[in-house]
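The next block holds one structure in the form of structure tokens; read it before the comments.
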């Protein structure tokens, strides 16, 4: 969906039909036009929580890696319940136009992107946000059963993903756009990240308390090992030779960097 339609998407409330009109609302979405090679395109610079959620529906959000980045950081500015309610409202509003999966135009983009984001969220973050017997899990299950499954077969697939064990779900890939499938041996990005995290935790547990703190030692190794081994190993070795020390920077500078990192 074109970014000019996102402010009206953000403004559409639950139960109201989607009225997507081009507009510019810098208070909701702060976009900056790019120059040079990116001329004619815009870059997201700032947004309200509602604007950040609506940007999930931007045309280039998957290509920019925004969806995965959003699912990793959204808990800083909204709750999982608020995100789920937003996705459910947009799907319901788009489906209300009629036609189910055959809905056309911009409403079709909202309809299908809502399910795409739910699929990615379940595949990547089920263990974080959808724990057993949680209210969020029950809300999503009721939504998929009562609202999605009657009009779209993807509802049943999402329910299967929701009800399957994490180990089985990761091995099968669940059709996630970021899972890596092989004929007999499938490993998802989540599996690789978790393995790397466990190895790093064991490595850090053996370090002594008086050892100088290193940013490289604190961060987990990249989970895309097949793509980044050569680059990351060289950078980690270089960074570990120069451990971080607060005395090298003023307290104000350190606070500013930590604030930027959290944002």
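Worth pointing out:
- Nitroxide proxy distance, nm - points 7 Å out along Cα→Cβ at residue 153 and residue 11: 3.9
- Extension gain, residue 19 back to residue 45 (0.36 nm per residue minus Cα-Cα distance, nm): 6.8 nm
- Förster radius 30 Å - calculated FRET efficiency between residue 76 and residue 136 (Cβ-Cβ, nearest 0.05): 0.95
- For the range 124-164, convex hull volume per residue from C-alpha positions, Å³: 60
- Taking label positions 7 Å along the Cα-Cβ direction at both residue 108 and residue 164, the computed distance is 2.8 nm, reported to one decimal.
A short reminder: the numbers here are calculations on the coordinates, not readings from a lab. Just so it is clear, the structure is predicted and the values come from calculations on it, not from any experiment. Because the Cβ atoms are built from the backbone with ideal geometry, glycine has one as well, and the counts that use them run over all protein chains shown.
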